[in-house]
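As structure tokens, the structure follows; a few thoughts come after it.
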Amino acid sequence: MKKLAIFDLDGTLVDSIADLACSTNYALKTWGFPEHRTEEYRYFVGNGISVLFERALPPEARTPQDIGHIRTSFLEHYDRHNTDRTLPYEGIPELLRLLAAEGCRLAVASNKYQSATTAIVGKLFPGVPFFPVFGQREGVPRKPDPQIVREILEKTGVTQEETLYIGDSAVDMQTAAQAGVDACGVTWGFRPRAELETYKPRYIVDKPAEIYSIYKEENHAG
């Protein structure tokens, strides 16, 4: 029986790649580094912004100083523009309404820094009862470390067996495995199905509505 659905944010709930690419390219251009095509950012994101900047910078520029410069310019731009082109994936708002109506608890576990995670969830999903909403926080290791999931379980009082973790990347599949919860990979995000299959999640889905079907089947079986 499932009582809690934990969602990754970027590539799972929202298509944010255009805004992430735009702000990173803005920072790169500001400091005289080459920019990248939006599509390339699908393989740069997912491990937090510091890793994003390392991947976006030329190898010889991946120094603490240059990463710090990019971070400063990125944050200036992204905090103002993080929902310019970022939208929920088709079917996600309906899925969340259905799950909430069934009494399923909803939470967010993201490697995006906390303030942006909170801002995007609040703006794009008003009224959705997400609790808690966790992004990357000082002193908390990034996914795939399972601490973020363990904190959510502690706050909600839900067990590992009652939890489904939903994400679009290897990082998410590893996070679920290390946390001891069932994983559901989604194919509409930033990474290909083959990457998800490598980690053998319990489920892989192509449409949000399939997650609701899984929830109903799990609870009927329970």
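The values are calculated or read from the model by the stated rules, or taken from the named source; none is laboratory data. Please read all numbers here as calculations on a predicted model, not as lab measurements. FYI the Cβ positions are ideal-geometry reconstructions off the backbone, even for glycines, and counts take in every protein chain you see.
Would you be able to say whether some residue in the stretch 199-219 is buried (at least 21 other Cβ atoms within 10 Å of the Cβ), under 17 Å from the mean Cα position of the chain (by Cα), modelled with pLDDT of 95 or more and in a loop (DSSP other than H, G, I, E, B)?
Within the stretch 199-219 (the criterion being buried (at least 21 other Cβ atoms within 10 Å of the Cβ), under 17 Å from the mean Cα position of the chain (by Cα), modelled with pLDDT of 95 or more and in a loop (DSSP other than H, G, I, E, B)), the answer is yes, since at least one residue qualifies.
Quick one: in the stretch 146-180, which of the residues that are surrounded by fewer than 16 Cβ atoms within 10 Å (Cβ to Cβ) and of a type in the set (G, A, S) is farthest from the chain's Cα centre (by Cα)?
The residue in question is G157.
For the stretch 111-127, does any single residue satisfy the condition of being outside the structural domain of F53 (by TED's automatic domain parsing), among the hydrophobic types (A, V, I, L, M, F, W, C), in contact with a Leu (Cβ under 9 Å, 6 or more places away or on another chain) and over 20 Å from G189 (Cβ atoms)?
no
So in the stretch 181-197, with the set limited to residues that are touching a strand residue (DSSP E or B) at 6+ places or on another chain (Cβ under 6 Å) and of a type outside the set (A, V, I, L, M), which one is surrounded by the fewest Cβ atoms within 10 Å (Cβ to Cβ)?
The extreme case among them is D182.
Quick check on the stretch 59-68: of everything there that is of a type outside the set (G, A, S) and assigned to a helix (DSSP H, G or I), which residue is farthest from I120 (Cα to Cα)?
Per the criteria, the residue is E60.
Can you tell me how many residues in the stretch 21-58 are over 20 Å from G135 (Cβ atoms) and assigned to a loop (DSSP other than H, G, I, E, B)?
Residues in the stretch 21-58 being over 20 Å from G135 (Cβ atoms) and assigned to a loop (DSSP other than H, G, I, E, B): 9 in total.
K143 is checked against (1) assigned by TED's automatic domain parsing to the domain that holds P201; (2) charged (D, E, K, R); (3) loosely packed, with under 15 Cβ neighbours inside 10 Å and fails just one. What number does that condition carry?
With (1) assigned by TED's automatic domain parsing to the domain that holds P201; (2) charged (D, E, K, R); (3) loosely packed, with under 15 Cβ neighbours inside 10 Å applied to K143, the lone miss is (3).
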